[in-house]
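Scroll down for the structure; my scribbles are underneath it.
The values are calculated or read from the model by the stated rules, or taken from the named source; none is laboratory data. Just so it is clear, the model here is predicted, and its values are computed rather than measured. Methodologically, a virtual Cβ is constructed for each residue, glycine included, from the backbone with ideal geometry; neighbour enumeration extends over all protein chains shown.
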Amino acid sequence: MRAKSAAASHVGKIRSNNQDSGYAGAHLFIVADGMGGHAGGDVASALAIKHVTSVDRSFSSVSEAEVALHGALISANAVLAETVFDHSELTGMGTTVSGFVLVGSELAIAHIGDSRIYRLRGGLLTQITSDHTFVQRLVDSGRITVEEAAVHPRRSVLMRVLGDVDATPEIDTMIEHGEPGDRWLLCSDGLSSYVAEDRIAAALALDEDAEAVADRLIRESLDQGAPDNVTVVVVDIDGTGDSAHHPAVTVGSASDPLAIEGEAPRKPLRIPTLLLHPLKATKPDDSHFEPESEEFLDELIIEDGRRAKRRRISLVVVLAVVAALITTAVVAGYQWTQTHYYVGESNGSVAIYRGIQQDLGPIPLSSVYRETTLSVSDLSAINQSAVETTISADNLADAERIVSQLSNDIAD
Ligand code: CA
């Protein structure tokens with residue numbers, strides 16, 4: 001008998017733990033991609049999946065299922081916030097959730113984050129969900145192209161997730177009509193970011209059962225190096241909507257015991273968890289998710305502009321500082337030369353110079369301090385020669401002493 005649905009998950013080749021979770025039940029099919037350091041991601045996706053499985057049951061209408069699934073995600077969000085409240089080391093954890101409840105051949109879909117739901121119908125692959133990422137916003141608003149988004153430095157920044165940030169996260173819901181022969185795929189970005197869509201479509205189009213295709217998709221990601229955790233759920237629609245005879249399959253971190261150390265004692269006051277949030281040192285994992293708001297989007301764009309401007313200003317400041325340092329050194333050096341004196345010749349007379357005998361290129365480093373009445377030509381030949389080649393003095397008093405010495409030599 002062909003399996004109608006299958007779930008598979010792999011830690012990948014780089015990560016040390018699997019923060020993804022997946023579930024394929026009787027009516028509910030779902031993936032979650034957790035994030036947040038210190039085991040937070042495992043806990044977030046596992047908690048969300050375990051909580052949402054409460055809606056793996058039959059519904060009398062697809063719209064009833066849609067409301068129930070949406071409600072389950074909202075209350076999973078509250079569970080995550082409460083867990084963070086009890087375990088502050090999990091602060092900043094969050095998770096994507098993309099899933100659907102099958103009612104007959106109709107699908108009630110709920111989605112938040114950047115995991116994806118695809119439909120293969122008649123060989124054509126269609127992405128049903130839209131990523132809640134910063135770059136998708138930029139694409140939607142025409143600021144960048146899809147090609148630019150794929151290599152954008154902020155491509156992993158999520159605008160919306162379940163977590164401890166927002167009490168009422170904005171969750172996309174929709175109803176889709178399934179047709180017999182449809183093959184649906186739910187996956188974490190560990191697949192969609194690394195395996196090209198035509199490869200995904202080709203794997204889904206194979207005449208193999210859901211389980212074989214799920215395994216094949218995991219292998220495709222591993223073949224690409226699998227830098228991230230990868231989780232897939234494959235669901236075949238046969239029109240009966242009845243897959244209750246398949247045992248539910250849980251994969252990823254939701255299939256392991258919850259990685260929270262012990263159960264912390266419950267705080268007596270639990271209602272204000274979210275109200276207390278502004279007081280907590282919440283620091284979201286900045287590589288993955290940030291709070292959602294239009295202002296935030298604009299801030300990021302303005303911030304990028306500011307950063308470029310800051311770089312220009314920094315360069316100007318550095319150049320100014322270097323110039324100031326050089327000026328200071330030159331001034332200090334010049335001042336040092338001006339504490340020195342020597343005796344030389346000026347306009348045929350013996351003169352005291354302030355500064356040093358050398359010049360710095362075209363810049364003289366000395367000037368006449370005082371021209372004496374003593375004529376060089378009156379000096380002895382030896383003294384004339386000495387004055388013409390200059391006589392160094394220790395200081396001004398020493399220079400004056402040298403002058404009076406020369407004067408005495410004439411008098412003698
Ligand atoms: Ca991921």
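Remarks
- ALA39 passes every criterion in (1) at pLDDT 95 or above; (2) within 16 Å of the ligand (Cβ to nearest atom); (3) surrounded by fewer than 23 Cβ atoms within 10 Å (Cβ to Cβ) apart from (1).
- Of all residues in region 170-194, those that are touching a residue at least 24 places away in the same chain (Cβ under 8 Å) and farther than 24 Å from ALA76 by Cβ have Cβ atoms under 8 Å from Cβ atoms of residues that are of a type in the set (Val, Ile, Thr) and within 10 Å of the ligand (Cβ to nearest atom), 6 or more apart or on another chain, in TYR194/VAL230.
- Options THR96, THR53, THR126; residue that is closer than 23 Å to ALA214 by Cβ, in the same structural domain as PRO169 (by TED's automatic domain parsing) and free of Cβ contacts under 8 Å to residues at least 40 places away in the same chain: THR126
- Qualifying residue in region 189-198 (condition: aromatic (Phe, Trp, Tyr) and either out of contact with any Lys or Arg (no Cβ under 9 Å at 6 or more places or on another chain) or within 15 Å of the ligand (Cβ to nearest atom) (or both)): yes
- Enumeration of residues in region 119-160 that are of a type in the set (Lys, Arg), under 30 Å from LEU102 (Cα atoms) and touching a Ser or Thr at 6+ places or on another chain (Cβ under 9 Å): ARG119, ARG160
- Put simply, of SER61, SER21, SER54, SER16 the only residue that is surrounded by fewer than 24 Cβ atoms within 10 Å (Cβ to Cβ), within 16 Å of the ligand (Cβ to nearest atom) and hydroxyl-bearing (Ser, Thr, Tyr) is SER16.
- Residues in region 215-240 that are of a type in the set (A, V, I, L, M) and within 25 Å of the chain's Cα centre (by Cα) were compared, and the one that is farthest from the ligand (Cβ to nearest atom) is LEU222.
- Whichever residue in region 331-356 is among the hydroxyl-bearing types (Ser, Thr, Tyr) and assigned to a helix (DSSP H, G or I) and, among such residues, is nearest to the chain's Cα centre (by Cα): TYR334
- Residue satisfying all of: in region 92-128; buried (at least 22 other Cβ atoms within 10 Å of the Cβ) and among the polar types (S, T, N, Q); farthest from the ligand (Cβ to nearest atom) among these: SER98
- Residues of region 369-393 that turn out to be closer than 11 Å to TYR342 by Cβ and touching a residue at least 12 places away in the same chain (Cβ under 8 Å), as a count: 6
- So ARG370, is it crowded, with 17+ Cβ neighbours inside 10 Å and part of a strand (DSSP E or B): no
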